[in-house]
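Input: a single structure, listed below in structure tokens.
The values are calculated or read from the model by the stated rules, or taken from the named source; none is laboratory data. All of these numbers come straight from a predicted model, not from anything done at the bench. Cβ placement follows ideal geometry from the backbone for every residue including glycine, while neighbour counts extend to all protein chains displayed. The area values use the complete protein model at the heavy-atom level, side chains included, leaving out ligands, DNA and RNA. Shrake-Rupley method; radii C 1.70, N 1.55, O 1.52, S 1.80 Å.
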Amino acid sequence: MTWITMDRASGTPLFRQIYAHFRKAILQGEMKSGTALPSTRELASALHVSRNVVVEAYEQLFAEGYIESRHGSGTYVADGTFLDLARHALPSIPLAAMTSSVGTAHADLIDFRHGIPALNQFPRKLWGQLAQRICADTSDEAFGYGKPEGSTELRAVLAQYLLRTRGVICEPEQLIITTGATQAINLIAKLLLPGGKEIIIEDPITKEIHTLFSLPGTTLSPVPADDQGMMTHLLPTDGKPCFIYVTPSHQFPLGGVLPIQRRVQLIQYASASDCYIVEDDYDSEFRYEGAPVSSLQGLDPDRVIYIGTFSKILSPALRMGYLILPRSLVETARGLKWLTDLHTPSLEQLILARFIEGGYLDRHVAKMKKLYRKRRDYLIQALVHTFADKVTILGYSTGLHLVAEFTGAVFTPALLAQIEQSGVRVYPVSVHALDKNKHRKRIILGYGNLSEERIAEGIRRLGSIMQ
Ligand SMILES: Cc1ncc(COP(=O)(O)O)c(C=O)c1O
């Protein structure tokens, strides 16, 4: 029987400990593909835990593609899950718009803009109290020029938070606090692209990425994404990429979660091509089926550059994000950040550090996840009720938006203008795609900042135009 040392005092949930044990054993090849896992009943009894705990761990492994169930015969390690990276110690407990307005604004416009959190839920009072305390307590030095990489205090708490919640492996020295993920992406372009190179991107991906990476002499090589993210078997065989840009925890905009087999393939490809992977993890804290999936960075910290943001979990107005770099790139990136804007505002960084340290961020994320799940479920219900079998809903497991595909519809500029005139704004997927034809029937519907009443009314208005 599998022996797993359970640490009941560690604060890490028991299901996470079981998940982490199997994940590590599978990635390192100790449990080869095809190996049977013990039944949930047997394992629960051996570990003296409830069966639900084991079921939850297995569900997470299943969701991330590490294991598969064979009808009637149990649970087995899936194919393609061995990652030959002996040099890296895996974490012992890994864890985890631009607007495109068409037509004239309606007086009572319901805007399904993606990527906007519930703005009326920002913890104003607490943030204000923390700001007041920082102003009263902080040394005079904090009001001078800071360091380009950002506050030592914030980088220390953030490194711990990311290991705990996202399985990111880094020292605070590898972190640079940026003004949002957008600046982090800009810095990467400046860091890796001088002279012009090839970049592999997912297609579709945000239109801002197309613009940001379309520098003189640079070639974009799109690899199509499906409902599981980048189709890694279609990675080009002849190129010499400088880096591969991916959103593996929640593909933007289609919403797929990259399974472990594709993660392994991606890392092997990057390793063979001797290039970096840039992981943009913009909103995956809000995963509604199971816990957040672990980062790609945690699988190969020397090859993966990790980007995160507080725009979705707190507020885009903070303009607070971060970049985690392999050590060899840190010094040059610090220099570039200094030349860009010297540093991210210091007082906000100190407030955020206290917010995370005090456990308020964990509480806020848990609270918002409940609210967004309700809004998502409500939106799905409204779509099915209005459009029945004419709508297919994609990418709804994570984040603040989903994608709806309509049978027989094509979202032309004329149709989008008509929709907007009826008082609802939706966002076509094709705007973000290089291969636009594939996505003409699809729109992105953001629900983070819309109440149930507004969602219901918005879908009613959409239905009156589309039907
Ligand atoms: C995929 C993706 N990356 C990055 C960002 C930028 O976020 P930030 O506000 O941190 O600049 C967005 C914004 O919605 C996004 O969709």
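Summary of values
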item	result
Distance in nm between pseudo-label sites at H233 and D362 (7 Å out along the Cβ direction from Cα)	4.1 nm
Karplus-derived HN-Hα couplings along the range 71-85 (A = 6.51, B = -1.76, C = 1.60, θ = phi - 60°), whole Hz, x at Gly and Pro	3, x, 10, x, 10, 9, 5, 7, 6, x, 10, 8, 10, 7, 10
Antiparallel content of DSSP bridges confined to the chain, in %, to 5	55 percent
Surface/4 of the Cα convex hull for the chain, nm²	24.0 nm²
Two-decimal log10 I(q)/I(0) for the range 14-77, as the Debye equation yields it once each C-alpha is a single scatterer, q = 0.15, 0.17, 0.23 Å⁻¹	-0.40, -0.52, -0.97
The range 169-257: relative contact order as a whole-number percent, Cα under 8 Å and 6+ apart	29 percent
Point-charge dipole on Cβ atoms (K/R +1, D/E -1) for the range 14-77, about Cα centre, debye to 20	80 debye
Under-5 Å amide H pairs with R425, H placed in peptide plane, nonlocal only	I110, D111, F112
Accessible surface ranking that places the most exposed of L212, L400 first, with a 1.4 angstrom probe	L212, L400
Largest to smallest accessible area among D300, D274, D7 [probe 1.4 Å]	D274, D7, D300
Global geometry of the range 337-424, whether rounded, prolate or oblate, following the gyration tensor of its Cα atoms and the 1.5 cut on a/c	oblate
Cα gyration tensor shape of the range 163-240, rounded if a/c is under 1.5, else prolate or oblate by comparing a/b with b/c	oblate
Charge-dipole axis of the chain as Lys and Arg at +1 and Asp and Glu at -1 on Cβ define it, positive-most pick from Q297, V424, S45	V424
Gain upon complete extension [K436, S464; 0.36 nm per residue less C-alpha separation]	7.5 nm
Label-point separation, E453 to N120 (7 Å along Cα→Cβ), nm	0.8 nm
Charge-dipole axis of the chain as Lys and Arg at +1 and Asp and Glu at -1 on Cβ define it, positive-most pick from M31, T237, L258	L258
Rounded accessible area of V293 (nearest 10 Å², 1.4 Å probe)	0 Å²
Entries of K147/K197; K207/K312; K190/K337; K312/K438 with Cα pairs more than 20 Å apart	K147/K197; K312/K438
Potential lengthening between D140 and E331 on full extension [0.36 nm per residue; Cα-Cα distance subtracted]	66.1 nm
Environment charge of I177, counting only residues whose C-beta is closer than 12 Å and scoring Lys/Arg +1, Asp/Glu -1	+1
Length-normalised contact order of the range 344-467 in % [C-alpha pairs under 8 Å, at least 6 apart]	27 percent
Assigned charges on the beta-carbon of Lys, Arg, Asp, Glu; the chain dipole about Cα centre (debye)	800 debye
Accessible-area value, K374, 1.4 Å probe, nucleic acids and ligands omitted, Å²	130 Å²
Calculated from backbone phi, Karplus (6.51, -1.76, 1.60) coupling profile of the range 444-461 in Hz, x at Gly/Pro	9, 10, x, 10, x, 10, 10, 6, 4, 5, 5, 4, 4, 5, x, 6, 4, 5
Solvent accessible area, Å² - C242, 1.4 Å probe, full protein context	20 Å²
Among V391, Y447, T412 - extreme Cα towards positive end, dipole of the range 363-453, charges at beta-carbon	Y447
Rounded, prolate or oblate (a/c below 1.5 giving rounded, otherwise prolate when a/b exceeds b/c) for the range 144-192 by Cα gyration tensor	oblate
Kirkwood Rh in Å, taken over all unlike Cα pairs in the range 124-360	18.3 Å
